[in-house]
Amino acid sequence: MELRKLVRDLYGVDQPQGCTEEEISSIKEIFGALPAVVEDFWRTFGRTRRLNYTQDDWIFPEQYSKQKWLAEYGNLLLLNENQSVCLAYVRREDLTLPDPPVYLGTEPDGPWKLAAPTVSEFLEAALTYEAVWQLEHSPDEFYELSAKDMEVVRSKLEKRPAVLRNWFVTETTFYSSRPDNLVVVMDMGDGDYQALYGGATQESYAALLEVMEGLGEPI
């Protein structure tokens with residue numbers, strides 16, 4: 001998916017703010033190289049405050065300049081879970097690749113788990129995941145879904161192509177009935193799932209409730 005459309009639909013941002021070339025160059029000096037996809041992401045969204053009004057923190061050049069300890073890991077940090085339980089990196093040895101894989105780890109030397117095979121796929125998945133935390137219309141609870149509940153979700157909602165791996169659970173997938181609503185499903189294993197969902201408008205939320213209302217048990 002085109003990231004501008006995703007951000008417009010789910011975050012309500014029509015005109016994202018990007019970093020300057022000077023800011024990007026300053027980070028390139030720290031690491032020696034940056035993947036082209038990361039540069040493009042920062043150039044388009046690197047000063048879009050709305051993206052960091054969510055659950056976790058995107059690490060843009062401004063954060064690097066204010067918290068230089070982030071660069072001490074030697075790997076390029078993209079997303080920081082709010083308690084640093086999950087940290088998403090491009091490894092230093094991959095920084096010369098145009099669209100390298102993204103890994104999760106809490107220590108600079110690993111162990112590592114794959115979050116996405118490319119930065120492009122990680123950005124789409126992580127932006128989708130983070131969006132659900134700031135959707136204006138949503139229930140207050142997580143829901144525990146059974147395998148039977150998931151059959152309903154899969155049959156009545158459209159599965160988004162993005163997949164986020166190993167962010168707390170093995171796999172997180174996404175479903176929608178409209179571009180501006182979202183169901184986030186976390187596979188807990190053994191046929192159990194947890195979900196949270198919402199819509200950017202009351203109308204889009206009501207459309208989602210046509211499927212989700214009555215499914216699962218609140219946690």
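Laboratory data are not the source of any read-out in this text; all were calculated from the coordinates shown. Worth saying up front: this structure is predicted, and the values here are computed from it rather than measured. In this analysis, Cβ positions are derived from the backbone assuming ideal geometry, glycine residues included, and neighbour counts consider all displayed protein chains.
For segment 81-91, putting each phi into the Karplus relation 6.51 cos²θ - 1.76 cosθ + 1.60 with θ = phi - 60° gives couplings of 4, 4, 10, 6, 6, 10, 10, 9, 10, 9, 5 Hz, in residue order, rounded to whole numbers and with x for Gly and Pro. Against the main long axis of the alpha-carbon atoms of the chain, helix 36-45 sits at an angle near 70°. Once the Cα atoms are used to define both axes, helix 21-31 deviates from the longest principal axis of the chain by about 80 degrees.
Applying 1/(1 + (r/R0)^6) with R0 = 35 Å to the Cβ-Cβ distance of S155 and E2, what FRET efficiency is obtained, to the nearest 0.05? Before the final figure, lay out each step's value.
On the way: r = 27 Å, r/R0 = 0.77.
E between S155 and E2, to the nearest 0.05, is 0.80.
Cross-chain or 8 or more residues apart, Cα under 29 Å: how many lysine pairs in the chain fit that? Count them up, please. Lysine pairs, 8 or more places apart or on different chains, close enough: 12. In segment 176-219, the inverse of the mean reciprocal separation of distinct Cα atoms equals 11.1 Å; this is its Kirkwood hydrodynamic radius.
The alpha-carbon atoms of segment 135-218 define a convex hull whose volume equals 87 cubic angstrom per residue.
Normalised Debye scattering of the chain at q = 0.07, 0.10, 0.11 Å⁻¹ gives log10 I(q)/I(0) of -0.22, -0.45, -0.54, counting only Cα atoms as equal scatterers and leaving out solvent. A Förster distance of 41 Å, applied to the separation of the beta-carbon atoms of R49 and V169, puts the FRET efficiency at 0.90.
Compared with the dominant Cα axis of the chain, that is its longest principal axis, helix 202-212 is turned about 60°. Extension gain for E210-T20 works out to 64.0 nm (0.36 nm per residue, less the C-alpha to C-alpha distance).
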